[in-house]
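What follows is a single structure, written as structure tokens, with notes after it.
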Amino acid sequence: MLRVWALYERSRKIGIALSLLFVVGLSASFALRKSDPGRIKFAPTFPDSLTVCSRSSPNEYFFLYGIGLIIETTIFVLLVKRAWPHVAGPLKTPVVNALLTQGTAYYVAVL
């Protein structure tokens, strides 16, 4: 997040948007952990465990992954939108090229 914010020259608007994105995603994750998404079936449930440990349902994991994926996709799109002219255009900047390469590798790893 901070790298993308730095690419946008520490724009107040981008900083607020990224902060809001993080807070909304975190709030949605906490709300999901407290609610019961078990009514919506996306994957078969695991059999009951013989241990006393409790585990989350596959539906909960699906929604948590979806929230994280939305956040990471938004950050990646902002990164590509800002870095692409510096990589493909006449302003070939090695630092921005490294940011785009590492950001792409990270996004692919998160997928």
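If you wrap a convex hull around the C-alpha atoms of segment 53-111 and split its volume per residue, what is the figure in Å³?
It comes to 77 Å³ per residue, whole-number rounded.
With θ taken as phi - 60° and the coefficients 6.51, -1.76 and 1.60, list the Karplus ³J(HN,Hα) couplings across segment 9-21 in order, rounded to whole Hz; mark glycine and proline as x.
For segment 9-21, the Karplus curve yields 6, 6, 4, 5, 5, 5, x, 5, 5, 5, 5, 5, 4 Hz.
Read the figures in this text as sums done on the coordinates, not as results from a lab. Quick caveat, the model's predicted, so the values are computed rather than measured.
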